Amino acid sequence: SQTIHQWPATLVQPVGSPLSLECTVEGTSNPNLYWYRQAAGRGLQLLFYSVGIGQISSEVPQNLSASRPQDRQFILSSKKLLLSDSGFYLCAWSTLDRVETQYFGPGTRLLVL
Amino acid sequence: KNQVEQSPQSLIILEGKNCTLQCNYTVSPFSNLRWYKQDTGRGPVSLTIMTFSENTKSNGRYTATLDADTKQSSLHITASQLSDSASYICVVSDRGSTLGRLYFGRGTQLTVWP
C-alpha cells in the first residue's frame, strides 16, 4: 500500500530564517506530487505541483520554492521566511492518470515568529 | 470564477444527533465532487467521491448527495459520535486542464459534544 510522509510535524522559525520541509511517498512510482498551504480558517491553496523529477510548476507567486530531487521526494523551501508563511503545509500525491484523486500527508504546522 | 462555498462555517451538535453540511459550487467543467474529513492537525482523508451521474454515495454513517443541475452537494452524518468532530471539506475537480484542478471549500468545522 502507498504511504506518504512529511516532516517535521511542527516547526517554529524566526522571520528571515530558511525553511526546508520534506515529503516522501512510498509504494508507488512516478506520482504527481503537490504542496498545499492551509491558513487558519481558509481552504487549501495549491502552491506547487510536480509531474516528474526536476519538473516543478508554481501556482502562486510567493516566497517559497519547491524541488523534486528524486521520484518520490518533494521538498518545499524558503531562503527567508516571512510572518505570512505561517500555516499548515500539506503534501499530496496522485497517480498520473487520476489527478483528481489526491492522497494527503499528515501535514507540517509552521509558525513564523 | 470557479468557487466552492460551504455552509455552515461551524456547527455544534450533541452526540447521537444527525447533521447535514452543505456545499455549493460553480466549477465548470465538472468532473467529480469529494468530501474529505480533516482531524485537527492532520491531513484530509477522503470520505466519498461522486461523479456527474451519481446522486448519492454512502460510507458508513456518512451519506453524500449531489445535484449536478443545481450544483449542490450535502453530507449527512447519522448518529454522530465524538470522533466525528473535525473539519469537513468539499472538493470539486474540473477537467478544464490536463492537471484536473481541485477546488477546495473552506470547510465546515463540526464539534460533537457528549
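When segment B:57-78 is filtered for residues that are hydroxyl-bearing (Ser, Thr, Tyr), open to solvent by 60 Å² or more (accessible area, probe 1.4 Å) and in a strand (DSSP E or B), only B:Ser58 remains. Applying the set (1) in contact with a strand residue (DSSP E or B) (Cβ under 7 Å, 6 or more places away or on another chain); (2) within 13 Å of chain B (Cβ to nearest Cβ); (3) over 18 Å from B:Arg42 (Cβ atoms) to A:Gln6 leaves exactly one unmet item: (3).
Examine segment B:105-114 for a residue that is within 14 Å of another protein chain (Cβ to nearest Cβ), buried (at least 16 other Cβ atoms within 10 Å of the Cβ) and closer than 20 Å to A:Ser94 by Cα, and state whether such a residue exists. For segment B:105-114, residues within 14 Å of another protein chain (Cβ to nearest Cβ), buried (at least 16 other Cβ atoms within 10 Å of the Cβ) and closer than 20 Å to A:Ser94 by Cα: present. Of all residues in segment B:21-39, those satisfying the criterion of being open to solvent by less than 60 Å² (accessible area, probe 1.4 Å) and assigned to a strand (DSSP E or B) are B:Leu21, B:Cys23, B:Tyr25, B:Phe30, B:Ser31, B:Asn32, B:Leu33, B:Arg34, B:Trp35, B:Tyr36, B:Lys37, B:Gln38. Cβ-Cβ distances below 6 Å connect the following pairs, each with a first residue in segment A:1-27 that is touching a residue at least 40 places away in the same chain (Cβ under 8 Å), a second residue that is acidic (Asp, Glu) and outside any loop (DSSP other than H, G, I, E, B), and a separation of six or more residues or different chains: A:Trp7/A:Glu22. Scanning segment A:76-87 for residues that are within 10 Å of the chain's Cα centre (by Cα) and surrounded by 18 or more Cβ atoms within 10 Å (Cβ to Cβ) returns a single hit, A:Leu76. Scanning segment A:16-53 for residues that are open to solvent by 30 Å² or more (accessible area, probe 1.4 Å), away from every other protein chain (no Cβ under 12 Å) and touching a Ser or Thr at 6+ places or on another chain (Cβ under 7 Å) turns up A:Pro18, A:Ser20, A:Glu26, A:Gly27.
The values are calculated or read from the model by the stated rules, or taken from the named source; none is laboratory data. Nothing here was measured: the structure is a model prediction, and the numbers come from that model. Don't worry about glycine lacking a Cβ; one is built from the backbone with ideal geometry, like all the others, and counts go over all protein chains shown. Protein only, heavy atoms only, side chains kept; ligands, DNA and RNA dropped before computing areas. Shrake-Rupley method; radii C 1.70, N 1.55, O 1.52, S 1.80 Å.
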